[in-house]
1. Using a Gaussian network model on chain A with a 10 Å cutoff between Cα atoms, which of A:Glu312, A:Glu299, A:Glu125 fluctuates the most?
2. I need the inter-copy label distances for B:Arg76: point set 7 Å along Cα to C-beta, values in nm with one decimal, smallest first.
3. Could you give the angle, 0 to 90 degrees to the nearest 10, between helix B:178-198's Cα long axis and the longest principal axis of the Cα atoms of chain B?
4. For peptide A:108-116, compute the average count of partner chain beta-carbon atoms within 10 Å of each residue's beta-carbon.
5. Based on the Cβ-Cβ distance of A:Ala337 and A:Asp177, what FRET efficiency does E = 1/(1 + (r/R0)^6) give at R0 = 35 Å, to the nearest 0.05?
6. Express the C-alpha Rg of the protein assembly as shown as a ratio against the empirical globular expectation 2.2 N^0.38 Å, rounded to two decimals.
7. Give the relative contact order (percent, whole number) for region B:158-252; include only Cα pairs under 8 Å separated by 6+ residues.
8. Taking the Cα atoms only, what angle lies between the long axis of helix B:145-157 and the longest principal axis of chain B, rounded to 10 degrees?
There are 2 protein chains.
Amino acid sequence: VTHAAATPALVLDRDVLERNVARMADHAAELGVELWPHVKTHKCAEVIRAQLAAGAAGVTVATPAEAELAHAAGARAILVAHPPVQADRLARIVALAAAVRVRVALDSEAAAEALDAACRAAGVEAAWLWELDCGTGRCGTAPGDATAERVAALAGRLRGARFEGLMTFGGHAYGGDVRAAAADERDALAVTAAALERRGVPVAARSAGTTPTTWALQEAGPVTELRPGNYVFHDATQVALGAAGWQDCALTVQGTVVSRPDPRRVILDAGSKALAAERMTPLTPDLGHVSGHPGLTVERLYEEHAILTAAEPVDLPVGARLAIVPNHACAAANLHARMVVLAGGVRVGEWAVAARGWDPVAQPD
Amino acid sequence: VTHAAATPALVLDRDVLERNVARMADHAAELGVELWPHVKTHKCAEVIRAQLAAGAAGVTVATPAEAELAHAAGARAILVAHPPVQADRLARIVALAAAVRVRVALDSEAAAEALDAACRAAGVEAAWLWELDCGTGRCGTAPGDATAERVAALAGRLRGARFEGLMTFGGHAYGGDVRAAAADERDALAVTAAALERRGVPVAARSAGTTPTTWALQEAGPVTELRPGNYVFHDATQVALGAAGWQDCALTVQGTVVSRPDPRRVILDAGSKALAAERMTPLTPDLGHVSGHPGLTVERLYEEHAILTAAEPVDLPVGARLAIVPNHACAAANLHARMVVLAGGVRVGEWAVAARGWDPVAQPD
């Protein structure tokens, strides 16, 4: 690992990325569903273009900056999977809706009415998906009749924003039971779509998410579209879940050994500000995976130091380079302004990690 | 909390910051030691200038970008408390040494020799401090004779970089026993300085660190300088340690309620990309502290969502604003390009969080 001059560096293996993008596109095509990959993982125009080229119907974003980046990268359809209830977010989303197809996920009358009013004020069209909580306990209302009743009433009332369907997020897959979470996604969509259709409200879109539940999906059932994000990179958490192998991990953080205070301890310059100190206990009790050194454990992260420990003495002198697969690739990518891109093991360029934070991204004319 | 138009926003209470800066300056003056505050916490030119104006002898940094920022902000003395063993880091540090007093902390012959060679090649002077491990298990060799023997040999041999003293870091204070860690810092410095002086090597500087051990220090003993970083902001971890109260926390992340799926659950738009998902179990089992809402717990963070839960129903509608004190202010600040600055409760401007990542910071002429 000698590709990056300055460490810590975010390093992307483009060959693995392209394989991941193609595999997921094939998987969605085999299932007969649309792919709306989530941009939050990479925030990178080049990756968006690769996903669109592989046939993505649109992309999913969480923030206005990600939406603007997607637009600038050529996306013609964008799902904003985070309720934009603040005036500034609504203004930016509605501005995009004048140029591309915009869909917004939400789970309250307040959010739907705010979107509706903003659309009417701007004279633009946008669609909304209602979010169901299929067991993760984040956003979303309970699947079934009570939700269908609220959604049917809203769909009948709003004139500026149009109801298009249902969305759910099986994030509890990261608790370890991926198949159960994938089934929860399908069940939530099926039962609520049926309840809406009984009320005469067609449910065109039924959107499910997460990388592990998407890989686990063997038949579409009620699902019409999928929103995986992490799959372009994968990470130590996906490997722990069985959703990927190490050879499927496209993203590493490279560091330099800066101190060897003990034969069993290696200090690397890639700390929490390069890797993100996210522990997914019990899936990933360590703080990353050292590529090619199975005996080394990422025991602790300080801001600019990783503490790697081993049961036996290790021969890694000051100045040696190591590559770490992060626990959470999306969080690690967000800490870097750019990725060093390798192809065939050779450095071929750098890609910007854009849309970090809240600054507007320049839009194409 | 209605100061920031766009959320999530990093919000700094300048009044609290100024009080923290003054209190620490007074504390160091009473102890009769120099203050070398660590820039990594804030990476902010305005904060550096406040620290220098309050009498800091110099500042401490971890990276070349932080060093360049400190130089640009007017620091005339910089301690690089991270071994710069990579060619690019050495080149940037040595370039600064032509303009300001530069000191480098290291713990290996390899790092010392690399610094020495770089100084000689550039025709500049730099000093080095040897790092001792006083119990944290990060960088540093064991206090005592064996280390003194190595340092004395190096100090006698190197001609381009000059030995100036010893440094230690009582980071194990964050394990909970702050007084013991502060005592470990003093003991490590005292025993190793005595061993060096027995060998005829004067130890001008004896540098100790961390915010909690600095606040806990009641007499200087062998310590000649202190390197606290976090004290300018404080955070939920410092409060859990007893090193600060909530009224001493200058930095919050403001978020907007975007979803209320349950009377006991509040979803905020400030997730791990705004707060950093760092849990310091058992000190901080939650993921932040909701200001003014003692009944709300920050239970989980997703990238763009915080899941707040309560035992009783809470009345916070979609659109309401909340402020969260992060668990780790240094990690939270690093996620934002700027801070919204309040004085007297009123927004008075924005300060850049610069030197994030590795890009060179423009230096003054």
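The values are calculated or read from the model by the stated rules, or taken from the named source; none is laboratory data. Predicted model, so just to flag it, every value in this text is computed and none were measured. Quick reminder, even Gly has a Cβ in these numbers, built from the backbone with ideal geometry, and neighbours come from all protein chains shown. Areas reflect the complete protein model, heavy atoms only, side chains present, ligands, DNA and RNA absent. Shrake-Rupley method; radii C 1.70, N 1.55, O 1.52, S 1.80 Å.
1. Between A:Glu312, A:Glu299, A:Glu125, it is A:Glu312 that shows the largest mean-square fluctuation.
2. Counterpart label points of B:Arg76 in the remaining copies fall at 6.4 nm.
3. The answer is roughly 10 degrees.
4. 3
5. Plugging the Cβ-Cβ distance into 1/(1 + (r/R0)^6) gives 0.45.
6. Taking N as the residue count of the protein assembly as shown, the ratio is 0.98.
7. 26
8. Helix B:145-157 and the main axis of chain B meet at about 70 degrees.
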